[in-house]
Structures are given as structure tokens and as C-alpha cells.
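K.L.:
Structure in C-alpha cells, see below.
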Amino acid sequence: MTVRVLIADDQALVRGGFAALLAAQDDIEVVGEADNGEQAVRMTRSHAPDVVLMDIRMPILDGLAATRKIVEDPALGAVKVVVLTTFELDEYVFEAMRAGATGFLVKHTEPADLVRAVRVVADGEALLSPGATRRLIAEFSAHAKIPPPAELSELTDREREVMALVAEGLTNAEIAERLFMSPATARTHVSRILMKLGARDRTQLVVLAYESGLVRPGWQ
């Protein structure tokens with residue numbers, strides 16, 4: 001399967017570097033480059049990429065607003081948005097994930113890690129940089145609006161347990177090993193949790209796990 005990628009960044013050097021690296025891969029196609037958020041949304045609608053690499057700070061429309069527009073468009077439900085940032089602990093990254101972004105990458109990430117991240121996100125298996133994602137959420141979850149605990153009321157005890165492990169950044173295989181179940185069963189649990197909570201992906205489950213109080217910053 002070829003992963004189709006759109007790159008949105010107002011720095012031509014960053015766009016060009018990412019595009020050259022990704023286009024060199026046999027299984028990745030760069031379908032377009034945007035230099036502002038408005039153009040990113042327009043090109044996402046016209047090209048329907050699998051993954052959008054979205055810079056946060058861009059002119060005309062910033063990456064946060066652009067992410068919301070993409071996530072809220074029913075026709076773009078299969079598109080995964082990955083936020084690009086200079087610093088891991090960036091409050092706008094957290095807001096982007098709350099808005100529906102799948103995860104984030106720091107711009108100085110190693111080339112091999114960027115390629116792997118695109119493939120991982122397209123596959124939908126796990127979070128990007130789960131340790132960094134957890135640190136960021138722990139840092140900023142205290143400032144987020146806490147939804148009522150009843151939001152998780154439809155989950156079974158086992159599903160809550162699985163969701164807590166997703167919030168730790170564990171893959172389906174790791175969850176299966178921790179709970180003594182098959183990877184297929186773990187994947188089924190995650191799929192059911194996503195459906196019950198109306199979440200787009202695992203990243204939103206992490207955010208919901210923190211915001212609902214299922215897990216708390218600093219818990220092991």
C-alpha cells in the first residue's frame with residue numbers, strides 16, 4: 001500500500017526536506033505541499049491524503065484551525081493529521097490533539113523516525129512518540145476542561161483497563177501481553193472503545209483518559 005502524504009509548512013526548506021525524504025521511499029507518495037493553513041485544508045479536500053504533516057504556526061490560517069477544519073469534515077474521516085512542532089512541550093500541540101490530530105513530531109526528528117512515523121500513523125496502530133505525548137498531555141491536561149465522568153460510563157471494566165494502557169502508549173501487542181490476551185482481542189477492544197466514545201484514533205483516547213480522570217499525570 002502506498003501512503004499518500006501532504007506537507008503543510010510555511011518554511012520552504014522544511015517542506016522541501018521532508019518531501020525529498022518521503023518521496024524517496026517506495027511506499028510513500030507526496031501528493032502536495034502547502035505553505036499556509038488555508039491551502040492545506042483546500043489541498044486535503046482535493047487530494048484526500050492518508051497523512052497530513054501540519055505545522056502549527058502558519059500564515060492566513062494556523063495549523064490548529066486547519067486541523068479542526070479537516071477533522072470536522074465528514075468526507076475527510078480517514079485523513080490522519082500529524083502536527084509539526086519545534087518543541088515537544090508546546091501547548092498548541094495539546095490543543096491540536098484535542099481537536100483531533102493523531103499525534104505530533106518535532107521538526108528535528110531523525111529522518112528514519114519521520115519515515116517510520118508516517119507509516120505508523122497511516123496504519124493506525126500506535127501513537128507517535130508515546131512517551132513525549134504522555135509528557136505533553138500530563139503537562140497541559142490540568143488546564144483542559146474536564147468532561148463529566150459519565151462520558152466513560154458505557155465502557156466495561158475490561159475496556160477501561162485497555163484504555164488506560166492505551167494512555168500509557170502501549171501498542172495492541174503490548175496490551176495483549178500485559179492482559180494475557182491475543183493481539184486480535186486487544187485490537188477488538190480498542191476498536192469498540194473508539195466506537196463507544198466517538199473518538200477518531202488512539203491519540204484521542206489518550207486525551208480522554210487523562211481528561212476523564214481514568215488516568216492522571218504522574219501515575220505509573
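The values are calculated or read from the model by the stated rules, or taken from the named source; none is laboratory data. Keep in mind that what you see is a predicted model, and the values were worked out from it rather than measured. Counting neighbours? That spans all protein chains shown, and the Cβs are built from the backbone with ideal geometry, glycine included.
K.L.:
Looking only at residues that are under 24 Å from Glu72 (Cβ atoms) and of a type in the set (S, T, N, Q) in the stretch 165-205, which one is modelled with the highest pLDDT?
P.N.:
Ser191
K.L.:
Of the residues Ala78, Ala99, only one is within 26 Å of Leu197 (Cβ to Cβ), touching a residue at least 24 places away in the same chain (Cβ under 8 Å) and surrounded by 15 or more Cβ atoms within 10 Å (Cβ to Cβ); which? Let's see the steps before the verdict.
P.N.:
Details: Ala78 fails: surrounded by 15 or more Cβ atoms within 10 Å (Cβ to Cβ).
It is Ala99.
K.L.:
Suppose we keep only residues that are in a loop (DSSP other than H, G, I, E, B) and over 10 Å from the mean Cα position of the chain (by Cα) within the stretch 100-110. Which one would you say is modelled with the highest pLDDT? Show your work before the answer.
P.N.:
Pass one, the stretch 100-110, residues in a loop (DSSP other than H, G, I, E, B): 100-102, 107-110.
When the remaining residues are screened for being over 10 Å from the mean Cα position of the chain (by Cα), the result is 107-110.
Working: Lys107: 84, His108: 84, Thr109: 83, Glu110: 87.
That would be Glu110.
K.L.:
Also, quick follow-up: Provide a single number: the residues in the stretch 21-43 that are touching a strand residue (DSSP E or B) at 6+ places or on another chain (Cβ under 9 Å), more than 11 Å from Arg4 (Cα to Cα) and free of Cβ contacts under 8 Å to residues at least 24 places away in the same chain.
P.N.:
1
K.L.:
Consider only pairs whose beta carbons are under 6 Å apart and that are at least six residues apart or on different chains; among these, list those whose first residue lies in the stretch 185-212 and is on the phi < 0 side of the Ramachandran plot and in contact (Cβ under 8 Å) with a residue 60 or more places away in the chain and whose second residue is surrounded by 23 or more Cβ atoms within 10 Å (Cβ to Cβ) and not in a helix (DSSP H, G or I).
P.N.:
From residues that are on the phi < 0 side of the Ramachandran plot and in contact (Cβ under 8 Å) with a residue 60 or more places away in the chain, the pairs are Asp201/Thr102; Arg202/Leu127; Thr203/Thr102; Thr203/Gly103; Thr203/Leu127.
K.L.:
Now, a different point. In the stretch 38-60, is there at least one residue being surrounded by fewer than 18 Cβ atoms within 10 Å (Cβ to Cβ), β-branched (Val, Ile, Thr) and over 19 Å from the mean Cα position of the chain (by Cα)?
P.N.:
There is at least one residue in the stretch 38-60 that is surrounded by fewer than 18 Cβ atoms within 10 Å (Cβ to Cβ), β-branched (Val, Ile, Thr) and over 19 Å from the mean Cα position of the chain (by Cα).
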